[in-house]
Amino acid sequence: MGRLSDLSRRLKGQEMFTILAEANELERSGKEIIHFELGDPHFSTPKNITDACKIALDSEMTHYAPSMGLRELRILVIDKINHERGFKPNLEQVLISAGANVQLHYALACSTNPGEEVIVPDPGFVSYYSILDKLGIKAKRVPTYEENEFRLNPEDVREAITSKTRMIIINSPNNPTGAVMNEEEIKEIYNLAKEKDIYLLTDEIYSKIIYDGLKFSSPSIYDECKERTIIIDGFSKEYAMTGWRLGYAIGPKDIITKMGLTLETESSCVPPFIQRAGMEALTGSQKIINKRISEYHQMRDAIVNGLNTLQGVSCLNPRGAFYVFPNITETGMTSREFYNFMLNKAGVALAPGDIFGKQGEGYARLSYSTELSNIQEAIGRMDKALKNR
């Protein structure tokens, strides 16, 4: 029998999919499950987008495309950035990829050597930790705290920087907490990256999903992604295109070129018919997108209010994304115990907070991109389970 590589032993994946598989197994056995575990919009991809893909297929857009992405789509991404961020990247700064998640891997692999360090928020998106582990890069975790609405504190980031630090990762709005950093905090962290001459990766996949009149801030405005800032973004959340796997990165030309070569080496290109759907997403009507964000706001209010009625549970009002991160310590259960209890006793699938980092212990994450009726039903089931245990 062959020997596995050291790299393979470091692979961890995304535990949310393990949770989904467990919930699905219970469903196959006849148990009714309400799903809150995956960050997957429940809305359908808008019809104009799927129609554009069908037309591309009928037009035989089924062959190789340029590894950096279709020029037409890259230009549309440039226009989007110019409209939303106020600067116009060069074409060489834009890379199209199969989803945004893989761009994290490309950026880390092309910027940081094994044994070096990358600063990440804790709690933070599980793929940050998994990719860093795979590459043999040390995750320098910077805790965020409920009393600060889980926003990343620039002074804590400064204290975490060492001579081995090569990148800072920020994610606002944040997965799993829904935290939204303010402009001053974003600028301070950019200045730290500039002072230390390191990369700043800004994961902006939830940039459009913000509530309560707050303003989205991006560090990209300070260097126009020409020196150190790398934007990671995509179509999954905003356009309900998680299964399409379409994303983009914008950054300094030298690292984007290397990231493009990585993509070319590993997967050749993104299917052109998928990219054509992305072009339609950017040029088509945005009315349905704005309507959905309004509905997310309504669902957020419903789930926060409901969670705050449960015994031993308290929940902040998240300012963005479509996640809540309730504190469950007063239930007397660990994050894993709470997850198992709710799955088996209430038929509610959620994610234990500890999979998002050490600071996640004592919390749970629920993705509230679902029907309002599901939220109401789930709160009722959770309430009954907690009262009867």
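The values are calculated or read from the model by the stated rules, or taken from the named source; none is laboratory data. What you see is a predicted model; the values in this text were computed from it and never measured. All Cβ positions, glycine included, derive from the backbone under ideal geometry; neighbour counts span all protein chains shown. Keep in mind that these areas ignore ligands, DNA and RNA; they rest on the heavy atoms of the full protein, side chains included. Shrake-Rupley method; radii C 1.70, N 1.55, O 1.52, S 1.80 Å.
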Could you check how much of the accessible area of the chain is carbon and sulfur, as a whole percent, using a 1.4 Å probe?
48 percent
Per-pair calculated FRET efficiency, R0 = 56 Å: residue 28 and residue 258 via Cβ, rounded to 0.05
0.80
Full-extension gain between residue 283 and residue 133, please, as 0.36 nm times their residue separation minus the C-alpha to C-alpha distance.
50.2 nm
Which whole-number percent is the relative contact order of the range 233-291 (Cα, under 8 Å, 6+ apart)?
31 percent
Taking r as the C-beta separation of residue 21 and residue 62 and R0 as 41 Å, the FRET efficiency to the nearest 0.05 is 0.80
Given the Cα-Cα distance of residue 298 and residue 14 and 0.36 nm per residue of separation, how much length would full extension add, in nm?
99.4 nm
Among 188-201, 25-38, 226-239, the order from most to least packed when residues are scored by Cβ within 10 Å on average:
226-239, 188-201, 25-38
In the structure displayed, which of 164/194; 164/258; 194/358; 47/237 lie more than 19 Å apart, Cα to Cα?
164/258; 194/358
Modelled label-to-label distance, residue 91 and residue 329, 7 Å Cα→beta-carbon offset: nm?
5.5 nm
Where only alpha carbons of the chain are counted, the Rg and the Dmax (Å)
20.8, 60
If R₀ is 41 angstrom, what is the calculated FRET efficiency for the pair residue 55 and residue 156, using the beta carbon separation as r and rounding to 0.05?
0.25
Let me have the relative contact order for the chain, percent, based on Cα pairs under 8 Å that are six or more residues apart.
24 percent
Charge dipole (debye, nearest 20) of the chain; +1 at Cβ of Lys and Arg, -1 at Cβ of Asp and Glu
460 debye
Just to be sure I understand the model, the point goes 7 Å from the Cα along the line to the Cβ. What's the resulting residue 197 to residue 345 distance in nm?
5.7 nm
Please list, or write none, the lysines whose alpha carbon is within less than 17 Å of the alpha carbon of residue 88, excluding same-chain residues fewer than 8 places away.
80, 226, 253
Heavy-atom accessible area per residue of the chain, all protein chains kept, 1.4 Å probe, expressed in Å², is 43 Å²
Compute the relative contact order of the range 244-389 as a whole-number percentage, counting only Cα pairs closer than 8 Å that sit 6 or more residues apart in sequence.
20 percent
Figure the gain on full extension for residue 1 and residue 44 (residue separation times 0.36 nm, minus the Cα-Cα span) and round it to one decimal in nm.
10.9 nm
